[in-house]
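Below is one structure, written out as structure tokens; the observations come after it.
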Amino acid sequence: MSKTRNTLGLAVAQMGPVHLADTRRQVVGRLLDMLRQAHARGARLVVFPELALTTFFPRYWMSEDQAQQRFFERSMPNPEVQPLFDEARRLGVGFYLGYAELTAQGVPYNTAILVDEQARIVGKYRKIHLPGHDEHKPDAPFQHLEKKFFRVGDQPFGVWDTMGARIGMCLCNDRRWPETWRMMSLQSAELVVLGYNTPSHNIHWPEPAHLRMHHHLITLQASAYQNCVWAAAAAKCGAEDGHHMIGGSVIVAPTGEIAAQAITEDDEVLVVQADLGVAEAFRRHVFDFARHRRPEHYGLITERVGPGPALPRTE
Ligand code: ING
């Protein structure tokens, strides 16, 4: 007798490049095409990338005002994005969308929203781990100015009950930090969705190109396994005005196995019928947090920011 499976039609909509010359209308047209494709293939939730509406503008030196004028959204939805909300409601599909948010108080965040199948914004997450730098590096081939253009998120890592699942959100660099995932699995997340824009080139040392993809995949596979969650990660990738970013969009099962992976650096839709019940055995045994975790020994993880001296021993 097959037990009732709690299955979610899960899609990742990877985007190819968005160039400086591309308009939001053109970009939203691409998102609409992928939304329809995902729906036709049985998806009920579609994950779009980080900063999906524009090129990855933190690679360019400019003033905060210039960035906010050209690349930030002052409201969500707004006229350019409304067609995506309308079509999603018509099709009964929810989605995750990353974009640059300028709040009514004028605070800039690297933000993602979770929109349900009736096009209601049920969750918002503002990126907490901001990589890169805030000063100008004139000798670098490109900048990575997330610390200049965005503030650290003012809300905790969150998990929302929607579309029949407990869904957590994060953004790009967040995925590299184990704390991100634990904060959501301790809130009983079943699925973590995220978008990313990951440059292929390392400006700090001559890192072999294959390592970007290697680190991206082991991070997602390990995190999904260690936190008993499905992970769905959507890249914006390919060469944006000549600046290359990795693809490798992927859906990872709670077993740590890759259930689907993009094979292009263009717009590409992945769809998996994700059985949320797969995680149960891991949560009940290997990772029964309540039975096995020992927070009394984990103090340094929240007491220290950077590495410090060894702890004193009592014997
Ligand atoms: N991008 C990159 C990411 O974390 C990065 C920045 C790349 C940091 C490689 C460290 C190593 O995937 C964003 N947008 O965070």
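The values are calculated or read from the model by the stated rules, or taken from the named source; none is laboratory data. Every value quoted in this text rests on a predicted model; they were computed, and no experiment measured them. In this analysis, Cβ positions are derived from the backbone assuming ideal geometry, glycine residues included, and neighbour counts consider all displayed protein chains. Areas reflect the complete protein model, heavy atoms only, side chains present, ligands, DNA and RNA absent. Shrake-Rupley method; radii C 1.70, N 1.55, O 1.52, S 1.80 Å.
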- Query: Taking the condition at pLDDT below 95, open to solvent by 50 Å² or more (accessible area, probe 1.4 Å) and either charged (D, E, K, R) or not in a helix (DSSP H, G or I) (or both), does HIS204 pass?
  - Reply: yes
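Is it true that TYR60 is modelled with pLDDT of 95 or more and crowded, with 22+ Cβ neighbours inside 10 Å? Spell out the reasoning first.
Details: modelled with pLDDT of 95 or more: yes; crowded, with 22+ Cβ neighbours inside 10 Å: no.
It is false that TYR60 is modelled with pLDDT of 95 or more and crowded, with 22+ Cβ neighbours inside 10 Å.
Taking the condition open to solvent by 40 Å² or more (accessible area, probe 1.4 Å), in a strand (DSSP E or B), hydrophobic (A, V, I, L, M, F, W, C) and at pLDDT 95 or above, does ALA239 pass? Before you say what the answer is, go through the steps one by one.
On the way: open to solvent by 40 Å² or more (accessible area, probe 1.4 Å): yes; in a strand (DSSP E or B): yes; hydrophobic (A, V, I, L, M, F, W, C): yes; at pLDDT 95 or above: yes.
Spelling it out, ALA239 is indeed open to solvent by 40 Å² or more (accessible area, probe 1.4 Å), in a strand (DSSP E or B), hydrophobic (A, V, I, L, M, F, W, C) and at pLDDT 95 or above.
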The residue that is nearest to the ligand (Cβ to nearest atom), considering only those in the stretch 63-76 that are open to solvent by less than 50 Å² (accessible area, probe 1.4 Å) and closer than 30 Å to HIS39 by Cβ, is PHE71
Condition check for CYS228: at pLDDT 95 or above and either within 19 Å of PHE57 (Cα to Cα) or open to solvent by 10 Å² or more (accessible area, probe 1.4 Å) (or both): no
Restricted to the stretch 213-225 and to residues being open to solvent by less than 40 Å² (accessible area, probe 1.4 Å) and within 15 Å of the ligand (Cβ to nearest atom), the residue nearest to PHE95 (Cα to Cα) is LEU220
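I'd like to verify a number: residues in the stretch 171-200 that are assigned to a strand (DSSP E or B), open to solvent by less than 10 Å² (accessible area, probe 1.4 Å) and out of contact with any Gly (no Cβ under 9 Å at 6 or more places or on another chain), how many? Write out each step before concluding.
Residues of the stretch 171-200 assigned to a strand (DSSP E or B): 171, 191-196, 199.
Filter once more, keeping what is open to solvent by less than 10 Å² (accessible area, probe 1.4 Å): 171, 191-196.
Checking the rest, the ones that are also out of contact with any Gly (no Cβ under 9 Å at 6 or more places or on another chain) come to none.
Number of matching residues: 0.
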Taking first residues from the stretch 167-181 that are among the polar types (S, T, N, Q) and second residues anywhere that are in a strand (DSSP E or B) and open to solvent by less than 10 Å² (accessible area, probe 1.4 Å), the pairs with Cβ under 7 Å that are 6 or more apart or on different chains are THR180/CYS170
Matching residues in the stretch 273-315 (closer than 17 Å to TRP230 by Cα, without any contact (Cβ under 8 Å) to a residue 12 or more places away in the chain and part of a loop (DSSP other than H, G, I, E, B)) number 2
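Before we move on, is ILE167 over 17 Å from ILE113 (Cβ atoms) and either more than 10 Å from the ligand (Cβ to nearest atom) or in contact with a helix residue (DSSP H, G or I) (Cβ under 7 Å, 6 or more places away or on another chain) (or both)?
When the stated conditions are applied, ILE167 does not pass them.
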Just one listed residue, out of GLU268, GLU240, is within 16 Å of the ligand (Cβ to nearest atom), within 30 Å of PHE57 (Cβ to Cβ) and under 20 Å from the mean Cα position of the chain (by Cα), and it is GLU240
Checking LEU20, LEU53 in turn, the sole residue that is of a type in the set (A, V, I, L, M), surrounded by fewer than 17 Cβ atoms within 10 Å (Cβ to Cβ) and either touching a residue at least 12 places away in the same chain (Cβ under 8 Å) or within 16 Å of the ligand (Cβ to nearest atom) (or both) turns out to be LEU20
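Answer yes or no as to whether THR255 is over 19 Å from the mean Cα position of the chain (by Cα), of a type in the set (S, T, N, Q) and surrounded by 15 or more Cβ atoms within 10 Å (Cβ to Cβ). Explain how you work it out, then say what you get.
Details: over 19 Å from the mean Cα position of the chain (by Cα): yes; of a type in the set (S, T, N, Q): yes; surrounded by 15 or more Cβ atoms within 10 Å (Cβ to Cβ): yes.
Yes.
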Margin query: Among the residues in the stretch 125-138, are any away from the ligand (no atom under 16 Å from the Cβ) and within 17 Å of the chain's Cα centre (by Cα)?
Written below: no
